[in-house]
Amino acid sequence: MSARELTDLFASVPDVRPSLELMAARAVLLRGLAKPFESELIADISGIVAQAPFRHMLTPGGHQMSVAMTNCGSVGWVTDRSGYRYDGADPESAKPWPAMPPSFRALAGQAADQAGFGGFSPDACLINRYQPSARMSLHQDKDELDLGAPIVSVSLGLPAVFLFGGLQRSDKPRRFRLEHGDIAVWGGPSRLAFHGVPCERAASPTGRRNAPPDDKLREDG
Ligand SMILES: O=C(O)CCC(=O)C(=O)O
Ligand SMILES: [Mn+2]
C-alpha cells in the first residue's frame, strides 16, 4: 500500500481524539488546530529556510544535535561551545534572523488564547526539523527572558511521541502522540516542565525511506 493510499484510508476514519487534551496544569494539546493553515505555514517555512538554512548546532559539550534547526523573529535560539542562548543574528550569516511571518504570529496567538494565555504575541520562533533518527532529550526551556509567556509548539509532518514531565528531571514524563497540525501550549506552573521527543519514528508504516521531515515550530514570548 502506498503512503498516499494509507493517507486516504485514514482520511475516512473519524478522529476521535479530544480536541483539547490536558498534559499538566496549564499545559494542553490542541489537536489539529494548525491543519487549516498548513499550506501557508509550509510556504512560510520554505521562505525562512531559503534565508536561514537548517543546521545541526553543537551543544556546549561539543555534541552535534540530531535535530536540524533554524529560527525566525527578532531573536533566535542558538547553541555552540559557548552555551545556549538567544541571539539577534544568525551565526552562520551574521545577518538578522528572517522576520516572523504573520501566519506564525496569528496561529501562536490563537493557540495561546485557546489554552488560556490571552494576549500572547511571540517574538521568537525556533523551527526544528526531525528526520527519522532525530530526538530531543528531556530538557527545560529556560533561556527565555520572560518566563511569564507560554511556549507554543506546532507539529507538522510525521507523527511523533512527545514526553511531558514535571519540574524535576526525575519526574516520570507522560507520553502524548503528536500528529500533523497538533499544537502544544504550556506555561504558568508548567512553564519549566521537562519535555522532549524520543527517537521513535524510524520505521514508517510503509517501510519507506526518505520519509518527509517533521517540522516543529516553537514560539516564545
Ligand atoms: O519538537 C518539539 O515538540 C519540542 C521541541 C523543543 O522542546 C524545543 O525546541 O525546545
Ligand atoms: Mn523545549
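Some points to look at:
- For the range 140-199 versus the range 108-125, the gap between their alpha-carbon centres in whole angstrom: 15 Å
- Neighbour cut-off at most 15 other Cβ (10 Å), DSSP loop, trypsin sites (Lys or Arg not before Pro), the range 121-150: K142
- Phi angles across the range 76-89 convert, under the Karplus curve 6.51 cos²θ - 1.76 cosθ + 1.60 with θ = phi - 60°, into 3J(HN,Hα) values of x, 7, 9, 9, 7, 4, 8, x, 8, 5, 9, 9, x, 10 Hz, Gly and Pro given as x.
- For S19, S74, order by how many other beta-carbon atoms lie within 10 Å, fewest first: S19, S74
- Summing Lys and Arg as +1 and Asp and Glu as -1 over all other residues whose Cβ lies under 15 Å from the Cβ of P102 gives a net charge of -3.
- By other beta-carbon atoms within 10 Å, ranking T59, T70, T79 with the fewest at the front produces T59, T79, T70.
- Volume of the convex hull of the range 20-220 (Cα atoms only), normalised per residue: 118 Å³.
- Put in order of Cβ neighbour count within 10 Å, fewest first, the listed residues D146, D182, D123, D87 become D146, D87, D123, D182.
The numbers here are math on the coordinates, done by the rules we state, and not lab data. Predicted, not measured: the structure shown is a model, and the values here were computed from it. Cβ: placed from backbone, ideal geometry, glycine included. Neighbour counts: every protein chain shown.
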